[in-house]
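Coordinate-derived values only; no laboratory data. Bear in mind the structure is a predicted one, so any value in this text is a computation, not a measurement. Heads up, the Cβs are rebuilt from the backbone with ideal geometry, glycines too, and the neighbour counts pull from every protein chain shown.
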Amino acid sequence: MPNTYTQIHIQCIFAVKYRHAQITRAWKNRLHQYITAIVQNHDHKLIIINTMPDHLHMLFGMRPTQSLSDLMRMVKGDSSEWINEQKLTPKPFRWQEGYGAFSYEKKKISIVANYIENQELHHTKKCFLDEYREFLDEFEVDYNERYLFTGLE
């Protein structure tokens, strides 16, 4: 794309299907590497990724050559397939439908990256759903409580 200049930073958050705690310490770093490769293979720049047992946060610089929905479909679909092929969970693994995506200006990137890096500490004080509601409220996103990663689809 000649003469196209962008600076788009997105944090995406998505949950394991029914918010089951299936992501373990034993293989979460391999999952991070796998998702990083997906993002990079589509010419985006992964800044940081971290998972809790029931959800994932990732912050990346996005190129305007692909839609966010296409990227998320590939990240979630390919990583689910990889987890199942590797037999990393006793039951089939799936990501919950949907995701949250929030954009940030460059000067906030280090703050957001620090937040993502320290998820384990953060979640000793706040559960995932409360955290997610706060994101939606902070970014003034209208939402229906019924569809907030509650297991209903």
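What does the charge add up to near G77, with Lys and Arg as +1, Asp and Glu as -1, over the other residues with Cβ less than 12 Å from its Cβ? Here the count lands on -1. Each of T4 and E117 was given a label point 7 Å from its Cα along the Cα-to-Cβ line. The distance between the two points is 3.2 nm. Of the options (1) 2, 7, 12, 14, 12, 9, 8, 9, 8, 7, 6, 3, 2, 1, 0; (2) 1, 7, 10, 10, 8, 7, 6, 6, 6, 6, 5, 5, 4, 5, 4, 3, 2, 2, 1, 0; (3) 2, 8, 18, 23, 21, 16, 8, 2, 1, 0, only one is P(r) over Cα pairs in 5 Å bins from 0, in percent as computed from these coordinates, and that is (3). In this Cβ point-charge picture (+1 for Lys and Arg, -1 for Asp and Glu), region 9-147 has a dipole of about 480 debye about its Cα centre. For region 1-82, the alpha carbon convex hull comes to 82 Å³ per residue, rounded to a whole number. Put in order of Cβ neighbour count within 10 Å, fewest first, the listed residues E138, E131 become E138, E131. Springs join every pair of Cα atoms under 10 Å in this Gaussian network model of the chain, and among N29, N41, N84 the largest mean-square fluctuation is at N41.
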